[in-house]
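**Student:** Have a look at this one before I ask anything.
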Amino acid sequence: MKKKSMPEFNGGKKQQLNEDLGKKLDNIASNDSNIHKKGFLPILVFMLIIVSVLWGTDYLQFDYQRLVEGTFEMFKIFKLMIPPDLTEWRDVFEGLLETFQIAWLGTIIASIIAFLLCFLGAANVSPMPLLVMIVRGFAAIMRAIPALVWALIFVAALGLGPLPGILAIGIHGTGMQIRVFSDSIEEIDSGILEALKASGANWFQMISRGVLPAIWPSLLGWFLLRLDIDLRYSSVMGIVGAGGIGWLLTRAMRMYQFKKALFIVIVIFSMLFLIERLNVYIKSKVLRLH
């Protein structure tokens, strides 16, 4: 009997199979290389972070022994703070009230100035592109200088007291408020502005009828956030002599009156916590109405 011969592939089919096999091998090799590249990148980033940390600690002469000793000393101070001393609670609450007034007035000043300038700093409603650059540049300069530095400048010019703190918070807050107010305006639906322009509305009508109704919840949210930030700033303004409860805290720590210092810290924390919860409540009510 004759054996059945295996079917033979012609030259064209063999060439096609070889090409398909070559493509598959190339795809496998490229996938392997991509996997190796992706796996190498996190390792490289991690190594760079480690090197930068080691270089920084060496450059700053980081003393680990001093850190350990200071940690034990800090726990000793914590023991000396307990229980808190409430004997000067009237002075503490007067300082707390002054701190709130500094933050409140500074935030109001910053928000009023920002509200008047934000329409000129928003590219979609500003009358001139040059005004956008000027207003945005002014805002960048105001917020680039920290609030405590502004406080030092005003203390040197005006003397000690709450006025330098109010001005420092107001000037620094103006820079941030202009930016976020202008960004909120630029995020509104362009169809609203186009519809008002098509109806023949002038610039003031476009702002009053189209922009303000759309952005007022955002402006309120940014105002409350800034008030929360300014309360934290005003709590430490006393360190540089700009009034508030921070001066009482600094004096207590310098005189090693740790029990009084703990009471002041508790009062500051309570105020900030209550204000934060109030902000959340107001925002939830406003968003529900809007």
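**Student:** Can you give me the orientation-averaged projected area of the convex hull built on the Cα atoms of region 134-193, in nm²?
**Tutor:** 4.8
**Student:** Moving on. Determine one quarter of the surface area of the Cα convex hull of region 45-182, which equals its mean projected area, and express it in nm² to one decimal.
**Tutor:** Value for region 45-182: 14.7 nm².
**Student:** HN-Hα J couplings of region 175-183 from phi, Karplus 6.51/-1.76/1.60, θ = phi - 60°, integer Hz, Gly and Pro as x?
**Tutor:** x, 5, 5, 4, 5, 6, 5, 5, 4
**Student:** In Å, what Kirkwood hydrodynamic radius results for region 102-170 from the alpha-carbon pair distances?
**Tutor:** After inverting the pairwise mean of 1/r, the radius is 13.0 Å.
**Student:** Where the centroid of each part is defined by its Cα atoms, how far is region 129-187 from region 228-245 in Å?
**Tutor:** Centre-to-centre distance over Cα atoms comes out at 16 Å.
**Student:** Given an 8 Å cut-off on Cα distances and at least 6 residues of separation, report the relative contact order of region 84-289 as a percent.
**Tutor:** Computed over region 84-289, the figure is 30 percent.
**Student:** From the convex hull of the Cα coordinates of region 178-260, what is the mean projected area in square nanometres?
**Tutor:** 7.5
**Student:** With θ set to phi - 60°, apply the Karplus curve 6.51 cos²θ - 1.76 cosθ + 1.60 along region 203-209 and write out the HN-Hα couplings as whole Hz, x wherever there is a Gly or Pro.
**Tutor:** 4, 5, 5, 5, 5, 6, 9
**Student:** Can you give the convex hull volume per residue for the Cα atoms of region 84-289, as a whole number of Å³?
**Tutor:** 116
**Student:** Let me ask something else about it. Could you give each residue of region 155-167 its phi-based ³J(HN,Hα) in whole Hz, using Karplus coefficients 6.51, -1.76, 1.60 with θ = phi - 60°, and x for Gly or Pro?
**Tutor:** Each residue of region 155-167 in turn: 5, 5, 8, 10, x, 6, x, x, 4, x, x, 4, 5 Hz.
**Student:** Now a separate question. What is the magnitude of the charge dipole of region 84-289 about its Cα centre, with +1 placed on the Cβ of each Lys and Arg, -1 on the Cβ of each Asp and Glu, and no other charges, expressed in debye to the nearest 20?
**Tutor:** So the dipole magnitude of region 84-289 works out to roughly 140 debye.
**Student:** Under 14 Å from the Cβ of residue 276, count the other residues' Cβ atoms, weight Lys and Arg +1, Asp and Glu -1, and hand me the total.
**Tutor:** Residues close to residue 276 contribute a combined charge of +2.
**Student:** Assigning unit charges at the beta carbon (Lys, Arg +1; Asp, Glu -1) and nothing else, what dipole magnitude in debye, to the nearest 20, does region 29-145 show about its Cα centre?
**Tutor:** Dipole of region 29-145, to the nearest 20 debye: 600 debye.
**Student:** Would you order 204, 181 from fewest to most other beta-carbon atoms within 10 Å of each residue's own beta-carbon?
**Tutor:** In increasing order of surrounding Cβ atoms, one gets 204, 181.
**Student:** Right, here's the next one. Taking only C-alpha pairs under 8 Å that are 6+ residues apart, what is the relative contact order of region 87-143 in percent?
**Tutor:** The value is 19 percent.
Every number in this text was worked out from the coordinates using simple rules, so none of it is lab data. Because the structure is predicted, anything quoted here is derived from the model rather than measured. With ideal geometry, Cβ positions are generated from the backbone for all residues, glycine too; neighbour counts draw on all protein chains shown.
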